[in-house]
Amino acid sequence: MSDESTTNAPQLVIMAAGLGSRFGGVKQLAKVGPSDEAFLDFSIKEAKAAGFGPVVMIVRSNIEADVVEHIRNQHGDMAVTYVRQDDLPPQRDKPWGTLHAVLSAADVIDRPFAVLNADDYYGLESFRLAMAALASSEPGKAANVAFEMGNTLPPAGSVTRGVCQVADGRLTGIVETEDCQRNDDGTITADGQVVAAETPVSMNLWCFDNSALVDFGERWDVFLEANRHEPKAEAQLPTIVGQMMADGRMTVDVVSSPEEWIGITNPEDFELARQAFADYQLPG
């Protein structure tokens, strides 16, 4: 059988359960494209063009119907597996973070996979690089498709970026760095220090062998034991990956993407994104 659900093509796992509190709405479905596409539509089309197989969409209960309708309008009868992050206990208003999101889909992830944010634009070449990384997937090995700092900054204002520390092509750490911005003189500063435009930053495009889910589950249990009664504590993938690297359980290759990242953090970013996609043509 040649149906994509029975092939070995990597899965595309899209995290679309966030609250979008700073944006002020369901940012995952913000219509930024010329045909009312959301960021996740570009990811699906470009990932498919790069060779990815089944799509897994992680949602939350109160937006699931809206996401399903949007996907049907944009992609017709394309097969998508939906999972609800809030079905994985314990329940609370604020999602438990990206580790919890991935684990909510653990029962339907059955092969190497890429996981990414629903509300970011990564570009076709990024998915081609992810496919190449997943071609050599094996237990204990992962990859992060990193972007150049200069390709992730808005024209004005500052953002926080996860700056990748890299040695011999391997990730050694990710440092959350505030006040990353482009200055009037063309320089880029991060936390007040001038940095190179090509400084690698993580935009949460990860490539994992599905065997990593066992470790993820064990580390979630430890996190939950310590944070069960903390209303805002979050278990994030970069933190858990860092623990696994420190414990010798995982190595992470850093793959540099030449693409220009596009995203919306605040309402004023929406029109900039619309302008960026005004003449965009999706892969056929």
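The values are calculated or read from the model by the stated rules, or taken from the named source; none is laboratory data. The shown structure was predicted, so the numbers you read here are calculated from the model rather than taken from an experiment. As a convention, Cβ positions derive from the backbone with ideal geometry for all residues, glycine included, and neighbour counts pool all protein chains shown.
Condition first: among the basic types (Lys, Arg), within 30 Å of Val159 (Cα to Cα) and surrounded by fewer than 17 Cβ atoms within 10 Å (Cβ to Cβ). Now tell me which residues in region 199-256 satisfy that. Break it down stepwise before answering.
Within region 199-256, the subset among the basic types (Lys, Arg) is 219, 228, 232, 249.
Next, from what is left, pick out any that are within 30 Å of Val159 (Cα to Cα): 219, 228, 232.
Matches in region 199-256: Arg228, Lys232.
Condition (residue is modelled with pLDDT under 95, loosely packed, with under 15 Cβ neighbours inside 10 Å and farther than 15 Å from Asn73 by Cβ) applied to region 24-34: is it met by at least one residue?
Within region 24-34, one or more residues are modelled with pLDDT under 95, loosely packed, with under 15 Cβ neighbours inside 10 Å and farther than 15 Å from Asn73 by Cβ.
Checking Met57 against (1) surrounded by 22 or more Cβ atoms within 10 Å (Cβ to Cβ); (2) in a helix (DSSP H, G or I): exactly one of these is not met. Which one?
Just one mismatch for Met57, condition (2).
Of the conditions (1) part of a loop (DSSP other than H, G, I, E, B); (2) free of Cβ contacts under 8 Å to residues at least 24 places away in the same chain; (3) under 21 Å from Ala118 (Cβ atoms), Glu234 fails just one. Which one is it?
All conditions are met except number (2).
Just one of Arg111, Arg84, Arg92 is charged (D, E, K, R), closer than 24 Å to Gly217 by Cβ and in contact with a Lys or Arg (Cβ under 8 Å, 6 or more places away or on another chain); which is it? Quick ask: steps written out before the conclusion?
Numbers: Arg111 fails: in contact with a Lys or Arg (Cβ under 8 Å, 6 or more places away or on another chain); Arg92 fails: in contact with a Lys or Arg (Cβ under 8 Å, 6 or more places away or on another chain).
When all the criteria are applied, what remains is Arg84.
Given the conditions (1) in contact (Cβ under 8 Å) with a residue 60 or more places away in the chain; (2) surrounded by 15 or more Cβ atoms within 10 Å (Cβ to Cβ), report the number of the one that Pro267 does not fulfil.
Among (1) in contact (Cβ under 8 Å) with a residue 60 or more places away in the chain; (2) surrounded by 15 or more Cβ atoms within 10 Å (Cβ to Cβ), Pro267 violates only (2).
Among the residues of region 60-84, what is the count of those that are farther than 24 Å from Ala135 by Cβ and either in a strand (DSSP E or B) or not charged (D, E, K, R) (or both)?
Initially, region 60-84 is screened for residues farther than 24 Å from Ala135 by Cβ, giving 60-77, 82-84.
Filter once more, keeping what is either in a strand (DSSP E or B) or not charged (D, E, K, R) (or both): 61-63, 65, 67-68, 70-71, 73-76, 82-84.
So the answer is 15.
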